[in-house]
Each structure stands twice: as C-alpha cells, then as structure tokens.
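Heads up, the thing below is written out as structure tokens.
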Amino acid sequence: MKFFADTAVVDEIAELNELGIIDGVTTNPSLILKSGRDILEVTKEICDLVDGPVSAEVVATEAEEMIKEGRKLAKLADNITVKVPLTWDGLKTCKTLSSEGTMVNVTLCFSANQALIAAKAGATFISPFIGRLDDINIDGLDLIADIRQIYDNYDFDTEILAASIRTVNHVSECAKIGADVMTAPPSVIKKLAQHPLTDAGLEQFMKDWAKTGQNIL
Ligand code: E4P
C-alpha cells in the first residue's frame, strides 16, 4: 500500500520524505488554509520535494472554471494530480483532464456508486473518506471493501486512495482490505511506529545495559 502525506506543511512532508516512507502528498483547501501559504507556491514546492503524485484541489464548482483551474495547476509540475469533488461538474472535469493526460483524484467520495461512476469517468484515484463516515455512524472501512470488490470485479485501473484517516487502525484495516493508497496526517503516520511494549522493552534493555558498564563505541 502506498503512503501519501495528507498535509500542505512542507517541513512535515520533508521529514517523512527523508525516511523514504511517503509515495505522494494530498492537499485540500482546508489544508492550504492551515499551512498559511499561497496555493501555487506551496504546491510547486511540494512537487519539487516529492517524486510521487501531489494532489492539488480545484475550487470552482462549474466544469468550465474547474477545467481552467485544473489546467493551471497541472502546469506547475509533472507530478500534479488535479483533485476534483465528486459532483457532476467534477466528473466532467475528470473526463476532460484525464483525456489530456493529467492525473485526477476524485475526492469527497462517500458511496460505492460514486466510486463506480468516477472510475467510468477516468479517475486516476478515488478518495473515499473513512473518518467522516465514521463520524456519522457509518463504517467507513466497509466502503473501502465495497469499492475494492467492485473495482476488482471489472478490472478498473482507478486506484483506491483511502482518505480521512484518523487512526492507526484505519491504516492497518485499509492494508488488509487492499486499498492501493492511504493518505493520512503526518501525526498518524508517525504513530504507526509506536507500541507501548516497544517502549517498555527498550526501557528495560537500557537499564540492564547500564549495569553492564560496557560501551559499543
Ligand atoms: C483527502 O484527500 C482529504 O484531504 C483528507 O483526507 C480529509 O480528511 P479529514 O476528513 O480528516 O479532513
């Protein structure tokens, strides 16, 4: 499963990228706001830093304007993925841009039928939002499993990009189901390395090592 960092904060991306554990980045208008940066500047900076796909979202709601915004974003770098919302106009934009060879991430997906129609419209990635479904008492992981089954039934090339990931459990469950990609905030990605038994075990090893009076270096 590929890992994307769900943030527009360059320092956070750089830290994960140095470790070689991220395969791309996703941003959205809320994350751009949180970064406090200009969308074009920060997106270009992220694209220069990371080799994989970097999602940048259009903000128009009508296809004609969305397509113009998407074309402008696509010019920033070869690894731009234009992100469009799962609306009728978003699907029209998806079809046009993907036909031009631009990667498209169709976002704000909350149903299997939405994922199906996005794949038909040529989406490179579909972004089902797990956490936001969990928030309204619908199991977001069930949606990932349903989309996996549908895409496998018909050999769709569209990659399932599990989004709105809030917990480390979301990550392991997505990997078990077979999501192609998961995007998570850096704080969640860093928590993947944590386990209380690792901390306790290390503490004991350090205590015992101190008693040996030895040094390795
Ligand atoms: C995905 O591309 C979105 O940017 C993101 O995962 C949304 O997450 P949230 O529901 O925690 O805002």
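Key figures
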quantity: Subset tally (residues that are away from the ligand (no atom under 12 Å from the Cβ) and open to solvent by 100 Å² or more (accessible area, probe 1.4 Å)) for the range 165-189; calculated: 1
quantity: Top-ranked residue in the range 1-20 [being assigned to a helix (DSSP H, G or I) and among the β-branched types (Val, Ile, Thr); ranked as farthest from the ligand (Cβ to nearest atom)]; calculated: 10
quantity: In the range 123-137, the residues that are open to solvent by less than 30 Å² (accessible area, probe 1.4 Å) and either within 10 Å of the ligand (Cβ to nearest atom) or out of contact with any strand residue (DSSP E or B) (no Cβ under 7 Å at 6 or more places or on another chain) (or both); calculated: 125, 127, 128, 129, 130, 131, 133
quantity: One residue from 43, 87 being buried (at least 17 other Cβ atoms within 10 Å of the Cβ) and out of contact with any Cys (no Cβ under 8 Å at 6 or more places or on another chain); calculated: 43
quantity: Residue within the range 196-217 that is more than 16 Å from the ligand (Cβ to nearest atom), part of a loop (DSSP other than H, G, I, E, B) and in contact with a helix residue (DSSP H, G or I) (Cβ under 7 Å, 6 or more places away or on another chain) present; calculated: no
quantity: Looking only at the range 1-20, and only at residues there that are charged (D, E, K, R) and under 10 Å from the mean Cα position of the chain (by Cα), the one that is surrounded by the most Cβ atoms within 10 Å (Cβ to Cβ); calculated: 6
quantity: Members of the range 94-106 that are over 20 Å from residue 24 (Cβ atoms) and open to solvent by less than 70 Å² (accessible area, probe 1.4 Å); calculated: 96
quantity: Yes/no for residue 110 being surrounded by 15 or more Cβ atoms within 10 Å (Cβ to Cβ) and over 23 Å from residue 6 (Cβ atoms); calculated: no
quantity: Residue satisfying all of: in the range 146-164; out of contact with any helix residue (DSSP H, G or I) (no Cβ under 6 Å at 6 or more places or on another chain) and within 29 Å of residue 32 (Cβ to Cβ); most open to solvent (accessible area, probe 1.4 Å) among these; calculated: 157
quantity: When residues of the range 21-40 are limited to those that are open to solvent by less than 60 Å² (accessible area, probe 1.4 Å) and of a type in the set (Gly, Ala, Ser), the one farthest from the ligand (Cβ to nearest atom); calculated: 35
quantity: Hits in the range 190-217 (condition: within 26 Å of residue 15 (Cα to Cα), surrounded by 11 or more Cβ atoms within 10 Å (Cβ to Cβ) and of a type in the set (A, V, I, L, M, F, W, C)); calculated: 192
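The values are calculated or read from the model by the stated rules, or taken from the named source; none is laboratory data. Everything quoted here is computed from the prediction, not taken from an experiment. Virtual Cβ from ideal backbone geometry, glycine too; neighbours counted across all protein chains shown. The protein model used for the area step is the full one, side chains on, heavy atoms only, and it has no ligands, DNA or RNA in it. Shrake-Rupley method; radii C 1.70, N 1.55, O 1.52, S 1.80 Å.
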